[in-house]
Every structure is written in C-alpha cells, then in structure tokens.
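> One structure, pasted below without further comment.
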Amino acid sequence: MTDRLAWKPLEIGPESSGVAGDAEGLLAELRRTDVAALLTERKALVFRGFGVTEETLGTVMDELLPNRAAYVHGNSPRTKVGRNVYTSTEYPAEFVISMHNELSYAHAWPERLLFFCAVQPGTGGATPVVDAALWLESLDAEVREAFAGGVRYTQNLHGGRGLGKSWQETFETDDPAEVERFLAGAEAEWQWRPGNALRVVQNRPATVRHPVTGAEVWFNQADQWHPAMLGADAAALARVMPADELPQSVSFADGGAIPPEYVTQIRDRGLEAAVDVDWRTGDLLLIDNLLVAHGRRPFTGDRRVLVAMSS
C-alpha cells in the first residue's frame, strides 16, 4: 500500500536521456528502450521537452502504438482528426471527468493510451492518473463485495436524432449489418427499436487482472454510467423515465440497482488517490490502460489534447 501511495508516472526528458530535445531525439530514445517492459514496470510515462508537434506526432505514435486502433463502441464525445487519432473527451471545460479505464465497459479494450498536448490550457486541465490496484484497495469491503458479480451496461443509441450518441457515431459506420457483426463478436445483446434506434446490453466484470503482473485492478465505469453521476439535467430526466431508457445506464449484472452512495464513493476515492499530470505544449503521456485509470481536471483557456490507443 505504501509503495502505491508514493506512485507517480515516470518523466523522461532529453537531459535524462542524453538525446536532442526534438522529435528525432525522442525517437532515438524510444528505439533503444524496451518501452513495453518499462511501461509495465512504471505504469505511466511522461515524455517532456522533446518539442513534438502535430506534424511530427505520427512517427512518434508509430513507435509507441504499433497497433493503433479506432475508437469503436466509445461512448464519449470526440472528433476524429487523423488515422485513429481523436480529440480527448469534449465535455465542457468547467467539469471534472472522473477516473476511468478506456473502454472498460467493452468486450475488448486498448492496452495502451497515448495523450499528446498540442495546446496547453490557460489554467488547470491536468490529466489525473490513478493506480487502478490502489483504487480497488481504497474502496470499502462492502462495495468491493457488492460488485464481485460484475455489472450490466445498457446503451440506447438513436439513429440520427435524439439524446446522446447515435449508433452511427458510436460504431463509425452506417451499416447495421456491420454493427451486428461487431456486437456478436463482443458477446453483447442488442435490439433494433422504433426510429432506427439500437439498444445494447452487456454484462462485464468489475475487476480484471493484468496479464503480465497479475495485479487485480478496478476496471469498470459504473460511476460514469450511473444516473446519479450524470449531472442535474440527467438526474431530472431519470426521475421521469426508466433508467434503462436513458442513453446509458448501469446496474449490477443480475439487474439489481446500484446504490448512489456506492458510485459516489467510487468516483471520489479514485479522484482522491489520483496524481495530476500537468500539461505543457508538446508533452506526451503513455499509460497502461489496465494498470492506470485517467480523468480530466477543469480548465480555462484553450486546451487541445489528442489521444490514440492500441491493442
């Protein structure tokens, strides 16, 4: 426990590496480093001082993300800006984004995430990261036990007009047959509904074990999908319509309701245990998506952070 409380990402710069402070210097450092082993050991790596730009980002990504993947079945609002490169979640600047592991609600998730700061925020805007094993350990035994059977996620995706995201945005296709093939492979249940809408239901575990370290980590998005955590407007909406009719909702895997106080504890303890990565233009942050969860602090001014992921 003590070691995890002292954990923070490893910062790598040109001076410590003995290379030039540019993208070529970073590439030289990456090519002589066993990035996979270092990332498993340190969980998150910050590359700072290499002057990476959006123009030079591609070659760096090719080294750090050898199997770059699309954000298919993602539920947060983003804009695609390149080959499987996206803006980070486009929630309003004044809101905190709570801790989560990317696509932890899905059948398959990325092993690595890479964040790149193209424009640093005026103030705030850090990306908090938390050791996911510490997050699990921080929860009350009652909460851990309640989630032992897993969780059930329900999505209601409209066909072009409605609340939340459309299924076309979510799956990056207009072809229903392609969506069905994806969902069948994901072991999800689905139902086409009136108005070209789609309901998707998935049962997933609440914790997983890292394939290399064996560490058990908190790995679900129950707090982000719960109506109690979705803000005043969503909470008001939840009072006038069933939870499973909302754009997204969550329950225990057996269909039982998750108490609001459980998800409040999950959200708050994840944020309390997090370490902030403050952004400077040109910085990169690489994380192991199982070992580390991430979020976002509120900010002012312009902030442009791009994200890509790989299996």
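> For Tyr86, are the conditions met, namely being farther than 25 Å from Ala20 by Cα, modelled with pLDDT under 95, not β-branched (Val, Ile, Thr) and not in a loop (DSSP other than H, G, I, E, B)?
On the way: farther than 25 Å from Ala20 by Cα: yes; modelled with pLDDT under 95: yes; not β-branched (Val, Ile, Thr): yes; not in a loop (DSSP other than H, G, I, E, B): yes.
It is true that Tyr86 is farther than 25 Å from Ala20 by Cα, modelled with pLDDT under 95, not β-branched (Val, Ile, Thr) and not in a loop (DSSP other than H, G, I, E, B).
> Which of the strands (runs of 3 or more DSSP E) found entirely inside region 92-205 contain at least 1 residues meeting this: hydroxyl-bearing (Ser, Thr, Tyr)?
97-100, 127-131, 151-157
> Out of curiosity, is Leu45 within 14 Å of the chain's Cα centre (by Cα), assigned to a strand (DSSP E or B), modelled with pLDDT of 90 or more and among the aliphatic types (A, V, I, L, M)?
For Leu45, the condition - within 14 Å of the chain's Cα centre (by Cα), assigned to a strand (DSSP E or B), modelled with pLDDT of 90 or more and among the aliphatic types (A, V, I, L, M) - is not met.
> While we're looking at this one, here's another question. Might you check whether a residue that is more than 21 Å from Ala70 (Cα to Cα), of a type outside the set (Lys, Arg), out of contact with any strand residue (DSSP E or B) (no Cβ under 8 Å at 6 or more places or on another chain) and touching a residue at least 40 places away in the same chain (Cβ under 8 Å) occurs anywhere in region 116-124?
Yes, there is a match, as at least one residue in region 116-124 is more than 21 Å from Ala70 (Cα to Cα), of a type outside the set (Lys, Arg), out of contact with any strand residue (DSSP E or B) (no Cβ under 8 Å at 6 or more places or on another chain) and touching a residue at least 40 places away in the same chain (Cβ under 8 Å).
> Please count how many residues of region 208-222 are outside any loop (DSSP other than H, G, I, E, B) and either at pLDDT below 95 or surrounded by fewer than 17 Cβ atoms within 10 Å (Cβ to Cβ) (or both).
2
> Give me the residue from region 48-83 that is assigned to a loop (DSSP other than H, G, I, E, B) and of a type in the set (A, V, I, L, M, F, W, C) and, out of that set, modelled with the lowest pLDDT.
So, considering only residues that are assigned to a loop (DSSP other than H, G, I, E, B) and of a type in the set (A, V, I, L, M, F, W, C), the one modelled with the lowest pLDDT is Val72.
> Restricting region 16-36 to residues that are in contact (Cβ under 8 Å) with a residue 12 or more places away in the chain and within 21 Å of Arg112 (Cβ to Cβ), which is surrounded by the most Cβ atoms within 10 Å (Cβ to Cβ)?
Checked region 16-36; the qualifying residue surrounded by the most Cβ atoms within 10 Å (Cβ to Cβ) is Leu26.
> Right, another one. I'm trying to understand the selection: among the residues of region 134-170, which are under 16 Å from Ser249 (Cα atoms) and without any contact (Cβ under 8 Å) to a residue 24 or more places away in the chain?
The one that is under 16 Å from Ser249 (Cα atoms) and without any contact (Cβ under 8 Å) to a residue 24 or more places away in the chain: Ser166.
> If we keep just the residues of region 232-281 that are of a type in the set (Asp, Glu) and modelled with pLDDT of 95 or more, which is surrounded by the fewest Cβ atoms within 10 Å (Cβ to Cβ)?
Asp254
> Here is a follow-up. Do the conditions hold for Leu39, that is, is it crowded, with 19+ Cβ neighbours inside 10 Å, assigned to a helix (DSSP H, G or I) and of a type in the set (A, V, I, L, M, F, W, C)?
Yes; evaluated as a whole, the condition is true for this residue.
> Name the single residue that is modelled with the lowest pLDDT among those in region 1-15 being assigned to a helix (DSSP H, G or I) and loosely packed, with under 12 Cβ neighbours inside 10 Å. Walk me through it before giving the result.
Within region 1-15, the first condition is being assigned to a helix (DSSP H, G or I), and the residues that meet it are 2-5, 14-15.
From the residues that got through so far, the ones that are loosely packed, with under 12 Cβ neighbours inside 10 Å too are 2-3, 5, 15.
Numbers: Thr2: 44, Asp3: 54, Leu5: 62, Glu15: 94.
Among residues in region 1-15 that are assigned to a helix (DSSP H, G or I) and loosely packed, with under 12 Cβ neighbours inside 10 Å, the one modelled with the lowest pLDDT is Thr2.
> Let me ask something else about it. Considering only region 156-198, state which residues are closer than 20 Å to Gln224 by Cα and in contact with a Lys or Arg (Cβ under 7 Å, 6 or more places away or on another chain).
Selection gives Asn156, Leu157.
The values are calculated or read from the model by the stated rules, or taken from the named source; none is laboratory data. Here the structure is a predicted model, which is why all the values come from computation and not from measurement. All Cβ positions, even for glycine, are placed from backbone atoms using ideal geometry, and neighbour counts span all protein chains on display.
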